[in-house]
Every structure is written in structure tokens, then in C-alpha cells.
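Quick notes on the structure that follows.
The values are calculated or read from the model by the stated rules, or taken from the named source; none is laboratory data. Since the structure is predicted, the reported quantities are computational estimates derived from the model, not experimental observations. Counting neighbours? That spans all protein chains shown, and the Cβs are built from the backbone with ideal geometry, glycine included.
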Amino acid sequence: MPQTHHTIDYIEIPARDLAAATAFYAAAFGWRFNDYGPAYAGIRSADGEGEVGGLAATDEPTGSGGPLVLLYSDDLEATAEAVVAAGGAVVRGPYDFPGGRRLHFTDPTGNELGVWSEG
């Protein structure tokens, strides 16, 4: 199956501030959401058919230590710039690995995710 720019398979990402989290992911990656109230926002699939994940409101502290979600990017440098412009931080890379290039970033809640590119 070919990769699609800035998409993931279904995963739930905890968020202490749901509004800030949806704003960050919308600005950094162009994601759109289905609003299910104050505790959950579904992440719409790139084609608008269904969902690929969700942002779940939580009062618990978040950060690295959970599963690492990897997004795909057609342009890793542009993605890094979008992450920073949206209020996130690139915390590792970009760096080469056997499958291409990769970086890790944190969102404003402290969740660490990765982004990879084939070239």
C-alpha cells in the first residue's frame, strides 16, 4: 500500500487541552476533525471517508514513553517547518535511516511523534 502524505492509521493521541491540540494538528498537517464534544475529536481520513484516529481529552500528564506514531511526509523539511510554525518542536533530526529520512517532534501537549520520508 502506498504511503499518503501527512496521514496515519487509527491511533488515539491524549491531549490535556483538546482545543489547542486540534489547532496544532490542523495548522501543522492540515488535519480536519469530527467534533464529538469536549472529550474527543476524531481525525478525518485524508480522503474525507472515515477517520484514522482521534484526540482524546485527558487530565493525565503526557509525553514520550508510549507508542511512537509515525506520519509520512512527501517533504520532510517543509513538515519540520510546519511543526515549528504551529507551536511544536523538532526534538530529533531530520536524520537518515535505512528506509529514508526521519525526524521526531513534540506537540504542545508533550506527545512525541515521528515523521519519515523515502528520500
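Looking at Ile8, Ile13 in this structure, which one is at pLDDT below 95 and either outside any loop (DSSP other than H, G, I, E, B) or acidic (Asp, Glu) (or both)? Steps first, please.
Details: Ile8 fails: either outside any loop (DSSP other than H, G, I, E, B) or acidic (Asp, Glu) (or both).
So the residue among Ile8, Ile13 that is at pLDDT below 95 and either outside any loop (DSSP other than H, G, I, E, B) or acidic (Asp, Glu) (or both) is Ile13.
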Margin query: Filter region 26-42 down to the residues that are crowded, with 19+ Cβ neighbours inside 10 Å and either of a type in the set (D, E, K, R) or touching a residue at least 24 places away in the same chain (Cβ under 8 Å) (or both) and list them by number.
Written below: Ala28, Phe29, Trp31
Check: Checking Ala23 against (1) at pLDDT 95 or above; (2) crowded, with 18+ Cβ neighbours inside 10 Å, which test does it fail?
Finding: (2)
Check: In region 36-62, how many residues are among the hydrophobic types (A, V, I, L, M, F, W, C) and more than 26 Å from His5 (Cβ to Cβ)?
Finding: 2
